[in-house]
Amino acid sequence: MGSHEITLQINGEERSVHARNTDTLLYVLREKLGLTGAKPGCLNGDCGACTIDVDGQPMKSCLMLAVEAMNKKVTTIEGLQNAPIQTQFIEKFAFQCGYCTPGFIMNCHSLIQQHPNATDTVIKDWLESNICRCTGYKEIEEAIKATLRNVQQYRS
Ligand code: FES
Ligand code: FES
């Protein structure tokens, strides 16, 4: 199957790339654009390792075709500069091998943007979209809560 050129808005830049209609966004990000922060895990929408942000929403990039991302704003972990949640993941030791971490950070970043007053229930609901096989979810929850506290202090 032939490929054709598509233009994507990624991390604030316009990137042109050759892609087939069947190429997933995850594949194009990693293999064509060298943005390897989004990780391949299950490739069927269960693990969340490939999570990125599309137009302000967390999106599993293994479930989206690259052509579907045209005319949308895509942010990957490489474009998430100095987000407070990243600092808190480090402070709370919220990772071990780190394979799942970019996907978790992207998802948690969206959670904090959309729910600055998130309750425990909201946090648990959001974390269900990502799987970590080697660290506890407790540290990740602590990183989210510390970030939320800082956001609330900043606003008050
Ligand atoms: S690789 Fe996309 S959800 Fe698992
Ligand atoms: S830190 Fe290893 S899979 Fe999550």
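Rounded to the nearest 500, what is the 222 nm mean residue ellipticity of the chain from helices alone, with -39500 (n - 2.57) per DSSP H run of 4+ residues and division by all residues? Working shown, then result.
Numbers: 4 runs with 49 residues, N = 156.
Value at 222 nm, helices only, nearest 500: -10000 deg cm²/dmol.
Add +1 for every Lys or Arg and -1 for every Asp or Glu among the other residues with Cβ under 15 Å from the Cβ of Asn130, and state the total. Walk me through the numbers on the way to the answer.
Details: positive: Lys39, Lys60, Lys124, Arg133, Lys138; negative: Asp46, Asp53, Asp125, Glu128, Glu139, Glu141.
My count for the surroundings of Asn130 gives -1.
Just add up the charged neighbours of Cys108: K/R +1, D/E -1, any other residue whose Cβ is under 11 Å from the Cβ of Cys108.
Net charge in that neighbourhood comes out at 0.
Sort out for me the Cα centre separation of region 29-52 from region 66-90, rounded to whole Å.
12
Taking 8 Å as the Cα distance limit and 6 or more residues as the minimum spacing, I'd like the relative contact order of region 1-126 as a percentage.
25
What are the equivalent ellipsoid semi-axes of region 85-153, built from the alpha-carbon gyration tensor (square roots of five times its eigenvalues), in whole angstrom, biggest first?
Working: eigenvalues 65, 33, 19 Å².
Working through the eigenvalues yields semi-axes of 18, 13, 10 Å.
Where both partners of a DSSP beta bridge lie in the chain, what percent of those bridges are antiparallel, to the nearest 5?
90
Treat each spin label as a single point 7 Å out from the Cα along the C-beta direction, and report the Ser16 to Leu63 distance in nm.
3.3
May I ask for the angle, rounded to the nearest 10°, between helix 137-155 and the longest principal axis of the chain, with both axes built from Cα atoms and the value confined to 0 to 90°?
80
Do you know the relative contact order of region 36-110, to the nearest whole percent, from alpha carbon pairs under 8 angstrom that are 6+ apart?
Values: 103 pairs, mean separation 29.7, N = 75.
The value is 40 percent.
Can you tell me which lysines have their Cα less than 21 Å from the Cα of Lys60? Leave out same-chain residues fewer than eight positions away.
Output for Lys60: Lys32, Lys39, Lys72, Lys73, Lys124.
Leaving out ligands, DNA and RNA but keeping every protein chain, what accessible area does Val67 have, in Å² rounded to the nearest 10, with a 1.4 Å probe?
We get 40 Å² for Val67.
If you count only protein heavy atoms and use a 1.4 Å probe, how large is the accessible surface of Asp55, to the nearest 10 Å²?
That residue has around 90 Å² of solvent-accessible surface.
Would you compute, for the Cα atoms of the chain, the largest minus smallest coordinate along each principal axis and list the three values in descending order, in whole Å?
So the three principal-axis extents are 51, 34, 23 Å.
Using the Cα atoms as the points, what is the convex hull volume per residue of region 1-52 in Å³? Before the final figure, lay out the partial values.
Details: hull volume 4.1 nm³, N = 52.
Cα-based convex hull of region 1-52, divided per residue, equals 79 Å³.
Around Phe93, what is the net charge, scoring Lys/Arg as +1 and Asp/Glu as -1 over all other residues with Cβ under 12 Å from its Cβ?
On the way: positive: Lys92, Lys138; negative: Glu91, Glu139, Glu142.
Neighbourhood net charge equals -1.
The values are calculated or read from the model by the stated rules, or taken from the named source; none is laboratory data. A quick note: this is a predicted structure, and the numbers were derived from the prediction, not measured. Cβ atoms come from the backbone with ideal geometry, glycine included; neighbour counts cover every protein chain shown. Just the protein is used for accessible areas: all its heavy atoms, side chains included, with ligands, DNA and RNA removed. Shrake-Rupley method; radii C 1.70, N 1.55, O 1.52, S 1.80 Å.
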